[in-house]
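Trainee: Provided herewith is a single structure, encoded as structure tokens, for subsequent inquiry.
The values are calculated or read from the model by the stated rules, or taken from the named source; none is laboratory data. Computed from a predicted model, the values in this text were never measured in an experiment. A quick note on method: Cβ atoms are made from the backbone with ideal geometry, for glycine too, and the neighbour counts reach across all protein chains shown.
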Amino acid sequence: MKTSVGVILAAGYSSRMGEFKALLDVGGKPAAARQADALREAGVSEIVFVTGHERERLADLIRAKGAVEAFNERFADGMFTSVKTGLEKALSLACGSVSAFLLLPVDCPLASVSAIRSLLDAHMKNPGRFIVPCYRGKKGHPLLIPAEAVPEITAHGGDGGLKAVTAGHGDMIRVETDDEGVVLDMDSPAGYEEIKAYCARVSAPDAILDARAAIRLFTGRIFLIRHGETREHAEKIFLGQTDVPLSDKGREQAAAAGKKLSERGAEANVVYTSDLVRASETAEIIAKALGASKNGLVPSIARDARLREIHLGDWEGRFIREIKESCPDEYARRGENILTWKIGHEGENYYDLRYRAEKWLRDTLPGAHEIVAAAHIGVIRVILAAFSGIAPLDAWMLKIPRGSVIELNVRSGELLGG
């Protein structure tokens, strides 16, 4: 019977975290121990720990878990060297009997036993394919690497890292799970705090774990306002998170939106918005309009980066014409895969955007009776999809004019535009 090997990458400096990530407490266990236990329970036959920086601190844990160490002498040269080191060691253990390798950065300690088993099940039905777990469409960890792909990875020079290899495999299988843990990482102190908060939520009775649960309990109204028109550029650009102010017309549109909200009896004490200028300006104008209709009680402004527009990676702020001319193949791929396409280290796709916007919903809806949010078209699309259940592609094609006010009346089920 073919078996699998887990490869846990724990060689890095942990420089952004400032602490040795492998031994950080995650739900009562060191992160690396939690990963090893999940892999074992899921049926993985062997575990390889790739070590580097402070390797001696992991020696006892590796021994206790019956795992094997693969020391990466080149760990300072980046994660891809650890990937190659781990896979080469795993191959030496395999003796030809292993059909898959599960690659798991130590930054990602929460992948559940059920999520790992779902990858192995998918592998049995789809041998030879890369397989990745997803939560609400967002890709996570571990990555299942078929044995057939290992020579290609170990022969790769390193430019672009592992993504440069997987990008050539457009048939990667995405396995949807109900496990948010697969997408959570602790690359930074903020990420670690989020992981600790997640562990506390899942262990708490009656906890609201996701946006879907928060939506089911919410009974008030939500007003979504697309920001006004922005200042013009010489020609059309990929705007995304490029920070530009409103034009005079955009400020007029925001004022008109504020008037509509007043006419509809909006009573919110807070106007939520992204921290990008065009949305923040819109929120400020709306708040003043609402204050004028409430005896001068101007709502406060709550800026949240989770409400930002989708990040367009390396294409941010560049002329669309220029991209079409210089990157015709990549531009075509974007059109063919509009939901999953992204470019550059910081680039996002639809599912990345949906995930962070839904986290905002999860945290904001409980206890609120009315929500007013000035945001971007991408964010509004995914929030509408969360409430209505429409398909992602249909949501992404929704036309929402600048300055529009959309009212969601959760109790009545009405959706009013304007």
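Trainee: Out of Ala90, Ala100, Ala111, I need the residue that is surrounded by 22 or more Cβ atoms within 10 Å (Cβ to Cβ), over 15 Å from Ile145 (Cα atoms) and in contact (Cβ under 8 Å) with a residue 12 or more places away in the chain. Which one?
Mentor: Checking each option against the conditions leaves just Ala111.
Trainee: Right, another one. Within the stretch 213-225, identify whether any single residue is under 30 Å from the mean Cα position of the chain (by Cα), closer than 30 Å to Gly367 by Cα and without any contact (Cβ under 8 Å) to a residue 12 or more places away in the chain, and answer yes or no.
Mentor: Yes; the residues of the stretch 213-225 include at least one that is under 30 Å from the mean Cα position of the chain (by Cα), closer than 30 Å to Gly367 by Cα and without any contact (Cβ under 8 Å) to a residue 12 or more places away in the chain.
Per-residue answers, yes or no, for (1) under 25 Å from Thr364 (Cα atoms); (2) touching a strand residue (DSSP E or B) at 6+ places or on another chain (Cβ under 7 Å):
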position: Asp275; (1), (2): yes, yes
position: Ala279; (1), (2): yes, yes
position: Glu309; (1), (2): yes, no
position: Arg321; (1), (2): no, no
position: Glu325; (1), (2): no, no
position: Glu330; (1), (2): no, no
position: Arg333; (1), (2): no, no
position: Leu339; (1), (2): no, no
position: Gly344; (1), (2): no, no
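Trainee: Follow-up. Just for the stretch 325-369: of the residues that are farther than 23 Å from Val182 by Cα and of a type in the set (D, E, K, R), which one is surrounded by the most Cβ atoms within 10 Å (Cβ to Cβ)?
Mentor: Going through the qualifying residues, I end up with Arg334.
Trainee: If you scan the stretch 261-287, which residues turn out to be out of contact with any Phe, Trp or Tyr (no Cβ under 9 Å at 6 or more places or on another chain), of a type outside the set (Val, Ile, Thr) and modelled with pLDDT of 95 or more?
Mentor: The answer is Ser274, Asp275, Leu276, Arg278, Ala279, Ser280, Glu281, Glu284, Ala287.
Trainee: Thr219 is checked against (1) at pLDDT below 95; (2) not assigned by TED's automatic domain parsing to the domain that holds Pro366; (3) not in a helix (DSSP H, G or I) and fails just one. What number does that condition carry?
Mentor: (2)
Trainee: Shifting gears a bit: Asp185: assigned by TED's automatic domain parsing to the domain that holds Leu104 and either exposed (fewer than 15 other Cβ atoms within 10 Å of the Cβ) or within 27 Å of the chain's Cα centre (by Cα) (or both), yes or no?
Mentor: yes
Trainee: Then there is this: Can you name the number of the only condition in (1) under 30 Å from Glu370 (Cβ atoms); (2) surrounded by 15 or more Cβ atoms within 10 Å (Cβ to Cβ) that Arg216 fails?
Mentor: If we test Arg216 against (1) under 30 Å from Glu370 (Cβ atoms); (2) surrounded by 15 or more Cβ atoms within 10 Å (Cβ to Cβ), just (2) comes out false.
Trainee: I've got another one for you. Exactly one condition in (1) closer than 25 Å to Ala268 by Cβ; (2) exposed (fewer than 14 other Cβ atoms within 10 Å of the Cβ); (3) under 23 Å from the mean Cα position of the chain (by Cα) is false for Ser203; which is it?
Mentor: (1)
Trainee: In the stretch 314-339, what residues are within 22 Å of the chain's Cα centre (by Cα) and touching a residue at least 40 places away in the same chain (Cβ under 8 Å)?
Mentor: Trp315, Glu316, Gly317, Ile338, Leu339 - these are the residues of the stretch 314-339 that are within 22 Å of the chain's Cα centre (by Cα) and touching a residue at least 40 places away in the same chain (Cβ under 8 Å).
Trainee: Further question: Arg308: touching an Asp or Glu at 6+ places or on another chain (Cβ under 8 Å), assigned by TED's automatic domain parsing to the domain that holds Glu229, of a type outside the set (Phe, Trp, Tyr) and surrounded by 14 or more Cβ atoms within 10 Å (Cβ to Cβ), yes or no?
Mentor: yes
Trainee: Looking only at the stretch 227-241, decide whether some residue is of a type in the set (Asp, Glu) and touching a Ser or Thr at 6+ places or on another chain (Cβ under 6 Å).
Mentor: Within the stretch 227-241 (the criterion being of a type in the set (Asp, Glu) and touching a Ser or Thr at 6+ places or on another chain (Cβ under 6 Å)), the answer is yes, since at least one residue qualifies.
Trainee: While we're on this one: Six or more apart or on different chains, Cβ atoms under 6 Å: show the pairs whose first residue is in the stretch 379-396 and of a type outside the set (Val, Ile, Thr) and whose second is surrounded by fewer than 20 Cβ atoms within 10 Å (Cβ to Cβ) and not in a helix (DSSP H, G or I).
Mentor: Arg381/Leu398; Pro392/Leu339
Trainee: Consider the stretch 312-330. How many of its residues are part of a helix (DSSP H, G or I) and either in contact with a helix residue (DSSP H, G or I) (Cβ under 6 Å, 6 or more places away or on another chain) or over 22 Å from Gly168 (Cβ atoms) (or both)?
Mentor: So the answer is 7.
Trainee: Moving to a separate point now. If I filter the stretch 248-268 for residues that are free of Cβ contacts under 8 Å to residues at least 40 places away in the same chain and touching a strand residue (DSSP E or B) at 6+ places or on another chain (Cβ under 8 Å), do I get at least one hit?
Mentor: No: the stretch 248-268 contains no residue that is free of Cβ contacts under 8 Å to residues at least 40 places away in the same chain and touching a strand residue (DSSP E or B) at 6+ places or on another chain (Cβ under 8 Å).
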